[in-house]
1. Quick one: count up the residues across segment 156-178 that are within 14 Å of the chain's Cα centre (by Cα), under 21 Å from Ser233 (Cβ atoms) and of a type in the set (Val, Ile, Thr).
2. Across segment 153-187, what is the total count of residues that are of a type in the set (D, E, K, R), under 17 Å from Arg210 (Cβ atoms) and touching a helix residue (DSSP H, G or I) at 6+ places or on another chain (Cβ under 8 Å)?
3. May I ask you to list pairs of residues, at least six apart or on different chains, whose Cβ atoms are under 9 Å apart, with the first in segment 233-261 being touching a residue at least 24 places away in the same chain (Cβ under 8 Å) and under 17 Å from Met157 (Cβ atoms) and the second being basic (Lys, Arg) and open to solvent by 100 Å² or more (accessible area, probe 1.4 Å)?
4. From the list Glu34, Glu65, Glu60, exactly one residue is assigned to a loop (DSSP other than H, G, I, E, B), more than 30 Å from Arg144 (Cα to Cα) and open to solvent by 60 Å² or more (accessible area, probe 1.4 Å). Which is it?
5. So for segment 173-182 (the condition being closer than 23 Å to Ala254 by Cβ, open to solvent by less than 10 Å² (accessible area, probe 1.4 Å) and either in a loop (DSSP other than H, G, I, E, B) or at pLDDT below 90 (or both)), does at least one residue qualify?
6. When you check Glu188 against the structure, is it assigned to a helix (DSSP H, G or I) and out of contact with any Gly (no Cβ under 7 Å at 6 or more places or on another chain), yes or no?
7. Identify, from the list Pro186, Pro153, the residue that is surrounded by 21 or more Cβ atoms within 10 Å (Cβ to Cβ), in contact with a strand residue (DSSP E or B) (Cβ under 7 Å, 6 or more places away or on another chain) and free of Cβ contacts under 8 Å to residues at least 40 places away in the same chain.
8. I need every pair where a residue in segment 89-107 that is closer than 17 Å to Met66 by Cα has its Cβ under 9 Å from the Cβ of a residue that is of a type in the set (D, E, K, R) and open to solvent by 80 Å² or more (accessible area, probe 1.4 Å), sequence separation at least 6 or different chains.
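The values are calculated or read from the model by the stated rules, or taken from the named source; none is laboratory data. Treat the numbers as computed from the prediction; the structure is a model and nothing was measured. Glycine also receives a Cβ, built like all others from the backbone with ideal geometry; neighbour counts cover every protein chain displayed. Each accessible area value is taken on the protein alone, full model and side chains, heavy atoms only, with ligands, DNA and RNA left out. Shrake-Rupley method; radii C 1.70, N 1.55, O 1.52, S 1.80 Å.
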Amino acid sequence: MSAIYDKYENMLDKIFKNLGLKSIHAEIYLFLVESGPNSAGNLSKKLGIPRSSLYGFLQELSQKEMVSQSQKSGIKIWQSTPPEKITDIINNQINRFEKIKDAYQNILPDMKNREKTDFIQPKFTYFEGRDGIRQMLKDVLLYRDISTEAFWPFKDMVDILGKEFLIENAIIKRAKQNIFARVIWPKEKSIDPKKNPFVGSGKEFKREIRIMSGGIDCSMGYWIYANKVMFISSKKESFGFILESKEAVQLMRAQFEILWKISKKMVVDEKYYKDFVKNNLK
């Protein structure tokens, strides 16, 4: 086994396996990188691989364009392609999977419409602490191209989730995944948009914010999405849970619509958030 292979064994095993190959392919490839062109007979002797098996491995490496074959004095000679070629192979695989992902995203809405969900039992998942609650928020980002509703005591949400985390996930990533949000902020828990450029409504943010007056000092928030309702407490209690239930969604959405009608639309001058939009949402 080559010295190079010993040094990079774990890392290259993972890379080759993700490219549809095996550890033995990595061993052969790296031996050729280290030693230069070799005949199959010499490779078989040095690596202790039967020649009949070796030819199969070399052919598989050749199909991946990791090795090439030539002849010298009537003898077949194998040599590795430059190590940079591995980067090209990885990039090509990434591009293929991106195309597969895009194609799947195109048919996902139709698949969701066809999904039979009458048999699904309600599910309850409980979370504790800041890390647990942050994980809850990322559950929303498993979706895209959906409309959602949230009752969001923003000051308390910033306190428990952290401003940077909230901006990156509840605003930037959400908007980029085309998750539209209608959001109600209790007036007592709102923040000044003039001092916080990430506060804004409209097509760039994929969000509309309304302010609810009336002396409601509520620290717990909820977010309705897909067939789920997420509840998040304040930092003081630091817990949350996700309830997956059609009936719960219907109930909370009915309540939300009542509050939405009595809340006032937040209007923010574009000058306060245009740089944020330019740098993060374009």
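1. Qualifying residue count for the region: 0.
2. Of all residues in segment 153-187, those of a type in the set (D, E, K, R) come to 155-156, 159, 163-164, 168, 173-174, 176, 182, 187.
Still in the running and under 17 Å from Arg210 (Cβ atoms): 155, 182, 187.
If we keep only those that are touching a helix residue (DSSP H, G or I) at 6+ places or on another chain (Cβ under 8 Å) as well, we get 155, 182.
Of the residues in segment 153-187, 2 are of a type in the set (D, E, K, R), under 17 Å from Arg210 (Cβ atoms) and touching a helix residue (DSSP H, G or I) at 6+ places or on another chain (Cβ under 8 Å).
3. Ile242/Lys123
4. Values: Glu34 fails: assigned to a loop (DSSP other than H, G, I, E, B); Glu60 fails: assigned to a loop (DSSP other than H, G, I, E, B).
On inspection, the qualifying residue turns out to be Glu65.
5. Residues of segment 173-182 closer than 23 Å to Ala254 by Cβ: 179-182.
Subsequent filtering for residues that are open to solvent by less than 10 Å² (accessible area, probe 1.4 Å) retains 179, 181.
If we keep only those that are either in a loop (DSSP other than H, G, I, E, B) or at pLDDT below 90 (or both) too, we end up with 179.
Yes, segment 173-182 contains a residue that is closer than 23 Å to Ala254 by Cβ, open to solvent by less than 10 Å² (accessible area, probe 1.4 Å) and either in a loop (DSSP other than H, G, I, E, B) or at pLDDT below 90 (or both).
6. Details: assigned to a helix (DSSP H, G or I): yes; out of contact with any Gly (no Cβ under 7 Å at 6 or more places or on another chain): yes.
Considered against the rule, which asks whether it is assigned to a helix (DSSP H, G or I) and out of contact with any Gly (no Cβ under 7 Å at 6 or more places or on another chain), Glu188 comes out as yes.
7. Pro186
8. So the pair list comes out as Ile89/Glu65.
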